[in-house]
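Here the structure is laid out as structure tokens; the discussion comes afterwards.
The values are calculated or read from the model by the stated rules, or taken from the named source; none is laboratory data. Everything numeric in this text was worked out from a predicted model, so none of it was measured. A quick note on method: Cβ atoms are made from the backbone with ideal geometry, for glycine too, and the neighbour counts reach across all protein chains shown.
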Amino acid sequence: MSHQETKSAVPEHIAIIMDGNGRWAQAQGKKRVQGHKVGMDRAREMVEACGAMGVKVLTLFAFSSENWKRPEQEVGFLMNLFVTGLTRESKQLHKNNVQLRVIGDVSRFEPKLQQAITKAQQLTQNNDGIVLQIAANYGGQWDIMQAVNQALIDHPESRTITEADIEQHLSGHDLAPVDLLIRTGGEVRISNFLLWQSAYAELYFSDILWPEFDASALKLAVAEYAQRQRRFGMTAEQLD
Ligand code: IPE
Ligand code: IPE
Ligand code: MG
């Protein structure tokens with residue numbers, strides 16, 4: 001996960017905080033959960049658009065470790081949506097050569113959902129197209145904590161661990177760090193998403209609510225990304 005200066009116009013790794021489903025539904029006089037349903041269609045569209053653009057990794061924030069605090073009914077709806085979505089979509093993802101991975105503490109999910117996750121991951125594990133990471137029961141602080149604990153198991157004799165020790169146990173440690181982090185829905189915060197992996201990401205905030213964030217909105221974000229100069233601590237002159 002080394003940070004390299006890149007002049008590439010297309011980000012290698014895009015991560016998206018898909019926010020605004022509830023507000024979108026409510027603005028239409030619908031129930032919040034209807035927004036999640038439409039949000040799923042946008043997620044599918046995003047995988048295709050990113051694949052077509054040559055993006056290597058797409059990470060979608062689907063459910064945070066804090067989202068358990070929502071009303072039980074909404075949490076239940078989301079869990080069912082994951083099970084049916086994974087089962088329904090995994091065949092098509094496989095056909096499209098997508099490698100699906102779920103990151104987060106999946107141990108808290110019901111057995112049915114855990115099984116659907118395992119099955120979808122196994123089906124697509126040898127695909128060499130775009131890697132789609134779904135962050136579910138994910139928290140950036142949790143990720144760092146579990147990586148530290150794994151590193152301590154690796155080095156029981158050692159009183160200190162290095163950045164590299166932590167890094168090799170983080171979710172997606174074998175993938176590029178986040179180049180472009182997008183949040184839809186108007187809020188300007190990270191909400192405990194990929195904290196370590198986004199250390200040098202370019203941030204892009206859109207007021208568009210997730211159910212309306214389409215491929216053309218994504219292209220705008222990538223176009224803005226292409227205009228930015230990533231300096232990674234260096235001076236502009238050094239990069240010229
Ligand atoms: C994001 O949309 C989806 C999830 C967190 C699962 P929200 O449900 O947070 O939508 P708003 O922010 O309430 O509009
Ligand atoms: C972040 O959205 C989590 C996901 C998009 C899955 P939230 O809507 O839960 O974030 P906060 O709580 O408003 O920061
Ligand atoms: Mg929200």
Scan the stretch 200-207 and give yes if some residue there is loosely packed, with under 12 Cβ neighbours inside 10 Å and polar (S, T, N, Q), otherwise no.
no
Filtering the stretch 57-113 down to residues that are surrounded by fewer than 19 Cβ atoms within 10 Å (Cβ to Cβ), closer than 20 Å to D143 by Cα and of a type in the set (D, E, K, R) yields E66, K69, D105, R108
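Can you tell me which residue in the stretch 63-78 is nearest to ligand 1 (Cβ to nearest atom), limited to those that are assigned to a loop (DSSP other than H, G, I, E, B) and without any contact (Cβ under 8 Å) to a residue 24 or more places away in the chain?
By that ranking, first place goes to R70.
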Pick from the stretch 6-44 the residues that are more than 10 Å from ligand 1 (Cβ to nearest atom) and of a type in the set (G, A, S): which of them is nearest to S64 (Cα to Cα)?
A15
Among F232, F205, which is the only one that is closer than 23 Å to Y138 by Cα and of a type outside the set (V, I, T)?
F205
For the stretch 146-163, how many residues are surrounded by 11 or more Cβ atoms within 10 Å (Cβ to Cβ), assigned to a loop (DSSP other than H, G, I, E, B) and not polar (S, T, N, Q)?
2
So which residues in the stretch 165-190 are without any contact (Cβ under 8 Å) to a residue 40 or more places away in the chain and closer than 25 Å to G54 by Cβ, if there are any at all?
D174
So which of L60, L81 is within 12 Å of ligand 1 (Cβ to nearest atom) and farther than 14 Å from L132 by Cβ?
L81
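Quick one: is V222 modelled with pLDDT of 95 or more, assigned to a loop (DSSP other than H, G, I, E, B) and under 19 Å from the mean Cα position of the chain (by Cα)?
Details: modelled with pLDDT of 95 or more: yes; assigned to a loop (DSSP other than H, G, I, E, B): no; under 19 Å from the mean Cα position of the chain (by Cα): yes.
Against the criterion (modelled with pLDDT of 95 or more, assigned to a loop (DSSP other than H, G, I, E, B) and under 19 Å from the mean Cα position of the chain (by Cα)), V222 does not qualify.
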Within the stretch 120-145, can you find the residues that are more than 16 Å from ligand 1 (Cβ to nearest atom) and assigned to a loop (DSSP other than H, G, I, E, B)?
Q125, N126, N127, D128, G129, I130
Can you tell me which condition Y225 does not meet? The list is (1) farther than 19 Å from M53 by Cα; (2) touching a residue at least 40 places away in the same chain (Cβ under 8 Å); (3) hydroxyl-bearing (S, T, Y), and all the others hold.
(1)
So which residues in the stretch 171-219 are out of contact with any strand residue (DSSP E or B) (no Cβ under 9 Å at 6 or more places or on another chain) and assigned to a loop (DSSP other than H, G, I, E, B)?
H173, D174, L195, W196, A199, Y200, D207, I208, L209, D214
Going through the stretch 114-131 in order, the residues found to be of a type in the set (G, A, S) and either surrounded by fewer than 20 Cβ atoms within 10 Å (Cβ to Cβ) or under 18 Å from the mean Cα position of the chain (by Cα) (or both) are A120, G129
